[in-house]
Amino acid sequence: MNIAITNGLLLMPPAFRAGLNAWSRSDGTSGSATWASADNAGINPSDQDFGTCLEILKQQTTTSIRFMGETPMIPGVYLRISARVKAVAGPLCSVRIAGWAGDGGRNHVSGLTETGPTLPLQTHNEVVEVSAIVGVGARGGVNMPWGTRPVFGHFGLDLIGANGGAIRVESIRIEDVTAAFVPSLIDWVDVRDYGGVGDGVTNDRDAFMAADNAANGGWILVPEGSFRIVGDIGIRSPIRFKGRLTTPDSTRVSFLESFDFPTYADAFGDETLGFRKALQALFGYTDHVALDLCGRRVDLTEPMVISDIAPDLADFSNRRVICNGSVMSVNGPAWQTGTSSSRATYNPANPLRLTDVVNVAAVEIGSRVIGNGVGREVYVNGKNVSEGWLSLSQPLYGGASTRNYSFERYRYMFDFSGMEKLDRLNFVDLDLNCQGVGSAIMLPPDGEMIAVRDCYITRPKDRAITSIGKGCQDLLVDRCQFLSDEMTLPAQQRHTIAINVNGNDVKMRNNRFVRFAHFMVAAGGGHIVSGNHWFQGDNSNDGLRYAGLVLTQTNIQTTISGNYIDNASIEWTNEHSAYPDFTGGEYSFGGLTITGNTCLCSRTVPWFTWLTVKPYGTGHYIHGLTVAGNVFKALYNSIDRIERVDTSIADLDYNNMRNVQFEANTFNGISNYVSNPLMVQHTQNSLSSSWTLPVIQGLPFQGWAKSIQSVVLEGPITNASGNRLDAMPWVQGFVGSSKRQIRVNWSTPVKGNICVYARMDRPV
């Protein structure tokens with residue numbers, strides 16, 4: 001026999017007046033004898049206290065009454081079994097609640113306490129109530145803790161002691177009393193029990209604080225409802241939400257024991273808002289070090305602008321980590337690029353400022369500056385509306401002038417442009433999926449040791465990581481993949497840039513960059529670019545190829561080592577110089593080491609080169625460049641050479657070249673072998689005292705034949721008589737109109753074979 005379970009587990013057995021067939025005289029199991037057939041029991045229809053009730057003449061030492069219905073035992077549910085009893089005649093006995101525990105096979109589960117406290121009947125006609133509580137757990141107040149083995153029970157009562165007395169039983173009740181045990185059973189408190197209203201209007205801050213204090217290490221439950229909190233609050237206890245929180249924008253909510261994105265998303269009922277509030281807490285409390293996304297994806301309908309989220313946060317230097325999840329831009333108006341234009345004046349004497357800016361208020365901080373005389377990746381990082389000026393991330397090379405400029409303000413998932421300084425922020429194990437909707441990270445104007453590790457930055461609309469000042473100082477980018485949103489476009493049509501930096505000592509290590517316009521535009525110096533793979537080819541035949549890495553400072557102390565440079569070049573410029581002409585008061589191009597790289601190109605135009613120097617002013621030269629131990633390979637068609645000077649603005653001063661090392665490189669599919677020193681072999685078949693060698697093509701950057709390191713005789717040098725000449729020759733460089741020829745002078749007309757090692761520089 002089974003019973004119906006109603007809401008709240010209302011398990012009341014039938015009243016005795018319905019008959020005694022449902023009541024067993026033993027353990028309550030199916031087939032046991034019922035009280036309906038007993039000679040010593042019957043229904044009394046009109047007891048003055050009970051009305052209709054069961055009356056028994058006690059004849060056995062233990063007289064049992066068991067409900068034959070199978071009352072379910074559910075983990076977490078606690079039941080109270082009770083009865084009202086009185087003795088009406090004869091010897092007095094005692095009474096107790098009792099049960100029989102059954103498992104899923106309807107077998108008895110032994111070894112359990114199956115009886116409750118014994119209550120003696122002390123006088124006739126005195127109504128007493130006997131009760132006991134049964135449940136899974138051994139909690140205080142539970143008389144029969146049964147554990148998880150029983151799945152049902154047969155419950156009732158026992159009459160024990162003296163026989164011969166007449167006993168009346170009003171009814172047997174089975175009730176769900178779980179609510180009385182919930183706080184101690186699952187270790188939580190409900191904010192409603194401490195004054196929480198949840199109407200979306202009342203400030204429930206005090207209720208949350210009281211619940212936090214009462215939890216004593218347990219959990220806080222926020223039930224259904226809208227709970228408003230006004231005023232910063234920190235919750236020390238773990239917390240879970242069925243309802244929602246609402247707060248003013250300025251209120252910081254910190255879940256100290258549940259500080260992760262899923263909790264904030266549940267708390268505020270919206271992923272973008274939950275992420276905003278989590279970031280607000282991350283930068284607002286010293287207890288939080290890492291915001292863990294717990295493997296979840298965050299759908300952002302708008303950029304996370306930290307100056308809006310935490311307007312009082314200007315300078316922050318504690319280590320913080322955002323990690324372990326995915327962030328995705330969701331298309332909407334908040335991601336639209338801001339544009340403006342203005343007329344402004346530039347003076348190289350004040351190299352990082354535009355003055356007399358028309359309508360300066362319309363120009364957003366973080367905007368990229370576009371116009372004549374502006375190098376790549378120059379950004380606005382400050383402004384003064386009353387004085388009409390903008391501060392810039394880099395100088396302009398175009399000289400003093402009043403010009404028209406355009407400004408583009410891209411939108412970023414994480415935007416720190418409104419802060420003054422931020423140090424030691426880490427992005428770790430994240431998938432930043434921009435979806436062509438927005439960009440990824442805008443760094444603050446100042447800061448150091450920001451790190452991006454083991455991240456995937458996919459399809460940024462305009463930029464992946466942007467520096468508008470010196471917030472990139474000591475930037476670390478390790479083991480990340482950057483995928484362009486312009487994969488299908490020819491190289492010449494791409495505009496997205498993965499990274500730009502302005503500060504020094506940046507480390508780019510073991511990353512992969514796919515089909516950007518440039519993978520990095522790097523000002524500053526002291527950089528290490530190691531173990532990366534960047535490729536920017538397309539499916540075009542005889543396709544154009546552009547710079548992957550752009551270096552914009554002349555003397556850079558930068559190492560480029562062990563990279564795979566695929567269908568892209570290294571371009572070295574001084575486009576971020578307010579005085580681009582070399583005047584002798586500064587270092588020119590130098591301090592660059594390129595070693596151990598694998599350089600590949602395919603189906604490209606013959607004039608493609610892997611290293612291009614582009615001076616933006618006159619008088620520059622190279623003093624300190626090492627290109628050694630690299631592999632250069634062209635597939636499907638050959639290219640002319642591996643390096644060149646872009647003379648579209650100015651050429652180099654070849655007379656001042658010094659300390660240029662090109663050696664131990666491997667060439668495949670390149671027409672001109674390039675080396676410094678360069679071995680040049682010459683055969684003189686006719687007698688002459690002055691041997692002029694052909695124009696040398698293999699010196700780096702087609703430099704002048706500035707010096708001759710050695711002359712080696714590859715056989716006898718003979719005169720007109722066929723006699724060997726043992727006297728050494730003397731040599732001349734800078735020969736011919738191109739100054740790329742060498743003349744070897746002898747004391748008498750001779751002929752023979754020589755090997756000359758020529759240089760386009762001097763060591764110092």
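Principal axis extents of the C-alpha atoms in the stretch 194-237 (largest first, rounded to whole Å): 29, 22, 12.
In this rough spin-label picture, where each label sits 7 Å from Cα along the Cβ direction, the residue 352-residue 734 distance is 4.1 nm.
Helices in the chain, meaning DSSP H runs of at least 4 residues, each add -39500 (n - 2.57). Divided by all residues, the mean residue ellipticity at 222 nm is -1500 deg cm²/dmol. Diffusion coefficient of the stretch 338-409 by Stokes-Einstein, Kirkwood radius over Cα pairs, 4 °C, 1.567 mPa s: 112 µm²/s.
Database remark: amide H of residue 189 closer than 5 angstrom to the amide H of 219, 220, 221 (H placed geometrically; neighbours at sequence offset of 5 or more, or on other chains; Pro and chain starts carry no H). Each Lys or Arg adds one and each Asp or Glu subtracts one; over the other residues with Cβ under 15 Å from the Cβ of residue 537, this totals +2. Taken over the C-alpha atoms, the stretch 276-329 has Rg and Dmax values of 11.5, 30 angstrom.
Listed values for the stretch 744-753 are Karplus-derived 3J(HN,Hα) couplings in whole Hz (6.51 cos²θ - 1.76 cosθ + 1.60, θ = phi - 60°), namely 10, 10, 10, 6, 8, x, 9, 9, x, 10, and x replaces Gly and Pro. Amide hydrogen proximity for residue 409: with H placed 1.01 Å from N in the peptide plane, the residues at 5 or more positions away or on another chain lying under 5 Å are 338, 339, 368.
Within straight-line reach of residue 470, meaning a Cα separation under 24 Å, sit the following lysines at least 8 residues removed in sequence or on another chain: 383, 421, 461, 507. Looking at the chain only, what percent of DSSP beta bridges run antiparallel? Nearest 5 please. Looking only at bridges with both residues in the chain, the antiparallel portion is about 45 percent. Here the mean projected area of the convex hull built on the C-alpha positions of the stretch 626-708 is 7.5 nm².
Straightening the chain between residue 539 and residue 581 buys 11.2 nm, computed as 0.36 nm per residue apart minus the Cα-Cα spacing. Full extension of the chain between residue 173 and residue 129 yields a length gain of 14.8 nm, computed as 0.36 nm times the residue separation minus the alpha carbon distance. The calculated FRET efficiency for residue 256 paired with residue 148, based on their beta-carbon distance and R0 = 30 Å, is about 0.35. For the chain, averaging the sequence separation of C-alpha pairs within contact (under 8 Å, six or more residues apart) and dividing by the residue count gives a relative contact order of 6 percent.
Note: relative contact order over the stretch 632-764, using C-alpha pairs below 8 Å and six or more positions apart, is 33 percent. Express in % the proportion of alpha carbon pairs of the stretch 189-326 at distances exceeding 23 Å. Result: 29 percent of Cα pairs exceed 23 Å. Taking amide H as placed 1.01 Å from N in the peptide plane, the amide H of residue 614 sits under 5 Å from that of 572, 573, 646, each at least 5 places away or on another chain. The spread of Cα positions in the stretch 512-651, taken along each principal axis and listed from longest to shortest, comes to 46, 29, 25 Å.
Straightening the chain between residue 29 and residue 193 buys 54.8 nm, computed as 0.36 nm per residue apart minus the Cα-Cα spacing.
Straight Cα distances below 23 angstrom link residue 739 to the lysines 614, 706, with same-chain residues fewer than 8 positions distant left out. Whole percent per 5 Å bin, from 0 to the bin with the longest distance: what is P(r) over all C-alpha pairs of the stretch 383-500? Spelled out bin by bin, the stretch 383-500 gives 2, 10, 18, 20, 19, 14, 9, 5, 2, 0 percent. When a/c is below 1.5 the answer is rounded, else prolate if a/b is larger than b/c, else oblate, so apply that to the stretch 248-355 with a ≥ b ≥ c taken from the square roots of the Cα gyration tensor eigenvalues. Here the stretch 248-355 falls in the prolate category.
Projecting label points 7 angstrom from Cα along Cα→Cβ for residue 723 and residue 402 puts them 8.3 nm apart. Percent of C-alpha pairs per 20 Å bin in the chain, short distances first: 14, 29, 20, 15, 12, 7, 2, 0. Shown in residue order for the stretch 474-484 are the 3J(HN,Hα) couplings computed by the Karplus curve 6.51 cos²θ - 1.76 cosθ + 1.60 at θ = phi - 60°: 6, 4, 10, 10, 10, 6, 10, 10, 10, 10, 6 Hz (x for Gly and Pro). Annotation: peptides 470-480, 583-593, 159-169, ranked by per-residue average of other Cβ atoms within 10 Å with the highest first, follow the order 470-480, 159-169, 583-593.
Across the stretch 109-115, coupling constants 3J(HN,Hα) worked out from phi with the 6.51/-1.76/1.60 Karplus curve, θ = phi - 60°, read 9, 8, x, 10, 6, 10, 9 Hz, and Gly and Pro carry x. Working from label points 7 Å from Cα in the Cα-to-Cβ sense, the residue 308 to residue 607 distance is 4.7 nm. When only alpha carbons of the stretch 43-137 are considered, Rg and Dmax amount to 15.4, 43 Å.
The ratio of the alpha-carbon radius of gyration of the stretch 678-759 to the globular-protein estimate 2.2 N^0.38 Å is 1.07.
Values in this text are rule-based calculations from the coordinates and carry no lab data. Just so it is clear, the model here is predicted, and its values are computed rather than measured. So basically every Cβ, Gly included, is an ideal-geometry build from the backbone, and we count neighbours across all protein chains shown.
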